[in-house]
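Colleague: First, the structure itself, so that you have it in front of you.
The values are calculated or read from the model by the stated rules, or taken from the named source; none is laboratory data. Worth saying up front: this structure is predicted, and the values here are computed from it rather than measured. Ideal geometry is used to build each Cβ from the backbone, glycine not excepted, and the neighbour counts take in all protein chains shown. In case anyone asks, the SASA skips ligands and DNA or RNA and just uses the protein heavy atoms, side chains included. Shrake-Rupley method; radii C 1.70, N 1.55, O 1.52, S 1.80 Å.
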Number of protein chains: 2
Amino acid sequence: MADPRKSTLVLVAERAGVSIASVSRVMNGLPASERVTERVRAAAAELGYVPDATARSLKVGRTEQIALAVADVGNPVYVGMMREISRVVTKAGYRLVLSSTGIDPKDQIDLLVSLNRGYADGLIMSPLRVPEELGTQLRSSRLPIVIIGSLPPGAELDNVRADSVAGMALAVDHLAAQGRTRIAFVNGPVDTVPGAARRDGYLKALAARGIEDRTQVDARDFTYQAGLKAAATLLEKGTPDAIVCANDLLAIAALNVATRRGLKIPDDVAIVGMDDTDIADLANPAITSVDLGATRRARTAARLLLRRLEKPDAPVRQVVIEPTLTVRGSSTKEENL
Amino acid sequence: MADPRKSTLVLVAERAGVSIASVSRVMNGLPASERVTERVRAAAAELGYVPDATARSLKVGRTEQIALAVADVGNPVYVGMMREISRVVTKAGYRLVLSSTGIDPKDQIDLLVSLNRGYADGLIMSPLRVPEELGTQLRSSRLPIVIIGSLPPGAELDNVRADSVAGMALAVDHLAAQGRTRIAFVNGPVDTVPGAARRDGYLKALAARGIEDRTQVDARDFTYQAGLKAAATLLEKGTPDAIVCANDLLAIAALNVATRRGLKIPDDVAIVGMDDTDIADLANPAITSVDLGATRRARTAARLLLRRLEKPDAPVRQVVIEPTLTVRGSSTKEENL
DNA sequence: CTGTTAGCGCCTTCAC
DNA sequence: GTGAAGGCGCTAACAG
């Protein structure tokens, strides 16, 4: 294998003594005579020839890349989604282009514009916030897009989302079944898509069960540090017998704050998180968590996009993933596990 | 803004009544008369024109993409590195293509071959294992590559690595200073690059301090589950007064296993992790951890690659990042913090 | 300052 | 089954 620094169809063709068309055919597995195939393979191997992706893309109009836009590459729930999406699209022969959009909604708009440059064949995106303008940009995108989470009004796109209300119901039912009656809630910012949905779920779940006692504190964001502060604020107000948290990071924060205040988990206070990420297991006791189906959402989103790439005119599909509850030590005695 | 479904230089040029070259110039900010600039901008806006990335890449020979290959997208230390690399390369105008190579070393080889298709301008890679063949493939790559971690023998590449020996020394010194004398070690697989380096560091650190007592257990991999098992095995053998762990996940596992056995942390057993990832803070007590500079390594690697893309002939640079120790509750009493 | 033109490397009809 | 030729959309000489 010689220097692959260059080496194009032309060079391989010369070396093999055939036309560039024949080389192209052999490289793409199209029918060719034994003899030509042989010579081309040999020449290609000697030259270390590898077809150029860019040129191919320009010609065929596909990049074999899928873009993924998430707000925070570091958030465990996005990490899990990324891993799953990476798995699915890689298996289908696509590369994954990662766009960390950051918090600023303007980044999302920029991303959509730049997507029209055609560096990817499609986009999977999970917006934290959905401003008006996002909707119009989505509508004018020339590439297929799958949204994980709520759609902006008027956008008819393939979509996958969680059922936060059902998820909250699972958590509250579980806690009520343990005889808990003062169920507090640590949420993230309420002006985000998940924040709004989870608060909604909390209120509905309590209302449905006739529970009047409600206490809610909003953390500044969905991080552990913000959770520490929120939990401290919450416990200042009094001690509930259960705390539901809008994600697992907030739940671990609540657990640690409560423990440090001398409260026994789960005896004095039961704690339930959401998302059921890897870190729910790391806590001591491990944290009961509502799996809102992040992994399944990711997988479904990837499949929806792949399907649309194959059939651009297929009917729009909107999938709701049903939540499940994984019970661990933070909300129930060992012997009940 | 009209339908952007197509719209090329030609269309914009027609609409603006100028040549395609003029459009290209305006779009790239090259000098052009006021009048032409104006007309082109207007036409482009009306047509929703966005330059095609693929065609541009083919022409200029650059994709403005950087590939990142890591073994496990889910591992917290890689997540941190990803985030940092994403930040740096994005700011420099590059997109990040994520390649999760998996455990199989063959994946890495495949990746290097496919990289020669030219879908990215360079590669950052952090191999878990470094088989012979990887070296030869690295040498025959036509694109710049920066390796995070050990280099295969004979590869002269830009490189960033941690100083595991110094890191272990930090951990051991810290523990010895607390009067700990029976310092055990929970490692990951010893046939991986980090596993070998950390064992090496452990042995050297103990030897340098004349500590004879050594106990080591290797977890099956660097995950929490494997850590639980390894820690249990370790504690079966007897109770050390300190445990150093090859990463934070293993450390949390050790902490939880020890706690459940009724041991007090840090009084009975001190625990020190490595990598100083976000999760070190989540544990209760929080875990003292040796920061092997994952974030700095990532940032440095990204910068080295950007530099090489600018100056292909710059001298090879190999950087060693010095570790630091972040002391938390798992290895020292509150009052000493 | 602006327009014309020649490819970048590949795939794909179209004749042979 | 194989070769010749056109063009994907764009940039960079080179003329004018």
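Colleague: Can you tell me which residues in segment B:10-24 are more than 9 Å from DNA strand C (Cβ to nearest atom) and buried (at least 18 other Cβ atoms within 10 Å of the Cβ)? Let's see the steps before the verdict.
Modeller: As a first pass, look at segment B:10-24 and keep what is more than 9 Å from DNA strand C (Cβ to nearest atom): B:10-12, B:14-15.
Residues satisfying the conditions are B:V12, B:R15.
Colleague: While we're looking at this one, here's another question. Need the failing condition index for B:V50 against (1) part of a helix (DSSP H, G or I); (2) within 14 Å of chain A (Cβ to nearest Cβ); (3) open to solvent by 20 Å² or more (accessible area, probe 1.4 Å), just the number.
Modeller: (1)
Colleague: May I pose another question? Can we say A:L249 is at pLDDT 95 or above and farther than 25 Å from A:A71 by Cα?
Modeller: Details: at pLDDT 95 or above: yes; farther than 25 Å from A:A71 by Cα: no.
For A:L249, the condition - at pLDDT 95 or above and farther than 25 Å from A:A71 by Cα - is not met.
Colleague: Hey, can you tell me all the residues within segment B:260-282 that are of a type in the set (A, V, I, L, M, F, W, C) and open to solvent by less than 10 Å² (accessible area, probe 1.4 Å)? Explain how you work it out, then say what you get.
Modeller: Pass one, segment B:260-282, residues of a type in the set (A, V, I, L, M, F, W, C): B:263, B:265, B:269-272, B:274, B:279-280, B:282.
Answer for segment B:260-282, where residues must be of a type in the set (A, V, I, L, M, F, W, C) and open to solvent by less than 10 Å² (accessible area, probe 1.4 Å): B:V269, B:A270, B:I271, B:V272, B:M274, B:A280.
Colleague: Output the residues belonging to segment A:266-282 that are within 23 Å of the chain's Cα centre (by Cα) and within 13 Å of chain B (Cβ to nearest Cβ).
Modeller: Those that are within 23 Å of the chain's Cα centre (by Cα) and within 13 Å of chain B (Cβ to nearest Cβ): A:G273, A:T277, A:D278, A:I279, A:A280, A:D281, A:L282.
Colleague: I'd like to check something: does segment A:179-192 contain any residue that is farther than 30 Å from A:D267 by Cβ, open to solvent by 30 Å² or more (accessible area, probe 1.4 Å) and in contact (Cβ under 8 Å) with a residue 24 or more places away in the chain?
Modeller: So the first thing to find is which residues in segment A:179-192 are farther than 30 Å from A:D267 by Cβ, and the list is A:189-192.
With the extra rule that they be open to solvent by 30 Å² or more (accessible area, probe 1.4 Å), the set shrinks to A:190-191.
Next, only the ones that are in contact (Cβ under 8 Å) with a residue 24 or more places away in the chain stay: A:190-191.
The answer is yes, given that some residue of segment A:179-192 is farther than 30 Å from A:D267 by Cβ, open to solvent by 30 Å² or more (accessible area, probe 1.4 Å) and in contact (Cβ under 8 Å) with a residue 24 or more places away in the chain.
Colleague: What helices (runs of 4 or more DSSP H), lying completely within segment A:219-337, carry at least 3 residues that are in contact (Cβ under 8 Å) with a residue 12 or more places away in the chain and farther than 28 Å from B:V77 by Cα? If you could, list the steps in order and put the result at the bottom.
Modeller: Working: elements: A:224-236, A:248-260, A:294-310.
In segment A:219-337, A:224-236, A:294-310 are the helices (runs of 4 or more DSSP H) which contain 3 or more residues that are in contact (Cβ under 8 Å) with a residue 12 or more places away in the chain and farther than 28 Å from B:V77 by Cα.
Colleague: Just to be sure before I move on: is B:S7 within 14 Å of chain A (Cβ to nearest Cβ) and either part of a helix (DSSP H, G or I) or surrounded by 14 or more Cβ atoms within 10 Å (Cβ to Cβ) (or both) in the structure I sent? It would help to see each step written out before you state the result.
Modeller: Working: within 14 Å of chain A (Cβ to nearest Cβ): yes; either part of a helix (DSSP H, G or I) or surrounded by 14 or more Cβ atoms within 10 Å (Cβ to Cβ) (or both): yes.
The answer is yes for B:S7.
Colleague: If you don't mind, another one. Going through segment A:57-90 one residue at a time, which ones are in a helix (DSSP H, G or I) and facing chain B (nearest Cβ under 8 Å)? It would help to see each step written out before you state the result.
Modeller: Taking segment A:57-90 as the starting set, the residues that turn out to be in a helix (DSSP H, G or I) are A:57-60, A:76-90.
Of everything in segment A:57-90, those that are in a helix (DSSP H, G or I) and facing chain B (nearest Cβ under 8 Å) turn out to be A:S57, A:L58, A:V79, A:G80, A:M82, A:R83, A:S86, A:R87, A:T90.
Colleague: Can you tell me how many residues in segment A:197-218 are in a helix (DSSP H, G or I) and exposed (fewer than 14 other Cβ atoms within 10 Å of the Cβ)? I'd like the intermediate steps shown before the answer.
Modeller: Taking segment A:197-218 as the starting set, the residues that turn out to be in a helix (DSSP H, G or I) are A:197-208.
Now drop any that are not exposed (fewer than 14 other Cβ atoms within 10 Å of the Cβ), which leaves A:207-208.
Total satisfying the criteria: 2.
Colleague: Here are the criteria: (1) touching a residue at least 40 places away in the same chain (Cβ under 8 Å); (2) open to solvent by less than 20 Å² (accessible area, probe 1.4 Å); (3) under 18 Å from B:R297 (Cβ atoms). Tell me which single one B:L175 does not satisfy.
Modeller: Here B:L175 clears every test but (3).
Colleague: Quick one: is B:R39 more than 10 Å from DNA strand D (Cβ to nearest atom), surrounded by 16 or more Cβ atoms within 10 Å (Cβ to Cβ) and not assigned by TED's automatic domain parsing to the domain that holds B:G118?
Modeller: Details: more than 10 Å from DNA strand D (Cβ to nearest atom): yes; surrounded by 16 or more Cβ atoms within 10 Å (Cβ to Cβ): yes; not assigned by TED's automatic domain parsing to the domain that holds B:G118: yes.
Here the answer is yes, as B:R39 does meet what is asked.
Colleague: Would you point out the residue of segment B:25-36, among those that are loosely packed, with under 13 Cβ neighbours inside 10 Å and more than 43 Å from the chain's Cα centre (by Cα), that is farthest from DNA strand C (Cβ to nearest atom)?
Modeller: First, the residues of segment B:25-36 that are loosely packed, with under 13 Cβ neighbours inside 10 Å: B:28-31, B:33-35.
Of the ones still in play, those that are also more than 43 Å from the chain's Cα centre (by Cα) are B:33-35.
On the way: B:S33: 3, B:E34: 8, B:R35: 6 Å.
The selected residue is B:E34.
Colleague: Report yes if A:N256 is at pLDDT 95 or above and closer than 16 Å to A:G195 by Cβ, otherwise no. Don't jump to the end; show me each part of the working.
Modeller: On the way: at pLDDT 95 or above: yes; closer than 16 Å to A:G195 by Cβ: no.
No: the conditions fail for A:N256.
Colleague: Return the residue satisfying two criteria in turn: it lies in segment B:55-87 and is within 16 Å of DNA strand C (Cβ to nearest atom) and in contact with a Phe, Trp or Tyr (Cβ under 7 Å, 6 or more places away or on another chain), and of such residues it is least open to solvent (accessible area, probe 1.4 Å). Outline the logic, then answer.
Modeller: Initially, segment B:55-87 is screened for residues within 16 Å of DNA strand C (Cβ to nearest atom), giving B:55-64.
Filter again for in contact with a Phe, Trp or Tyr (Cβ under 7 Å, 6 or more places away or on another chain), leaving B:63-64.
Numbers: B:T63: 13, B:E64: 57 Å².
Step by step, filter segment B:55-87, then rank; the result is B:T63.
Colleague: Quick check: is even one residue across segment A:182-194 at pLDDT below 95, assigned to a helix (DSSP H, G or I) and of a type in the set (A, V, I, L, M)?
Modeller: Scanning segment A:182-194 turns up at least one residue that is at pLDDT below 95, assigned to a helix (DSSP H, G or I) and of a type in the set (A, V, I, L, M).
Colleague: Scanning for something of a type in the set (K, R), within 14 Å of chain A (Cβ to nearest Cβ) and on the phi < 0 side of the Ramachandran plot, does segment B:148-167 turn up at least one residue? Full working, then the answer.
Modeller: As a first pass, look at segment B:148-167 and keep what is of a type in the set (K, R): B:161.
Adding the requirement that they be within 14 Å of chain A (Cβ to nearest Cβ) leaves none.
No, every residue in segment B:148-167 fails to be of a type in the set (K, R), within 14 Å of chain A (Cβ to nearest Cβ) and on the phi < 0 side of the Ramachandran plot.
Colleague: Further question on the same structure: For the structure I just gave you, tell me whether A:S100 is within 22 Å of B:D52 (Cα to Cα), facing another protein chain (nearest Cβ under 9 Å), in contact with a strand residue (DSSP E or B) (Cβ under 9 Å, 6 or more places away or on another chain) and among the polar types (S, T, N, Q).
Modeller: Working: within 22 Å of B:D52 (Cα to Cα): yes; facing another protein chain (nearest Cβ under 9 Å): yes; in contact with a strand residue (DSSP E or B) (Cβ under 9 Å, 6 or more places away or on another chain): yes; among the polar types (S, T, N, Q): yes.
Yes; evaluated as a whole, the condition is true for this residue.
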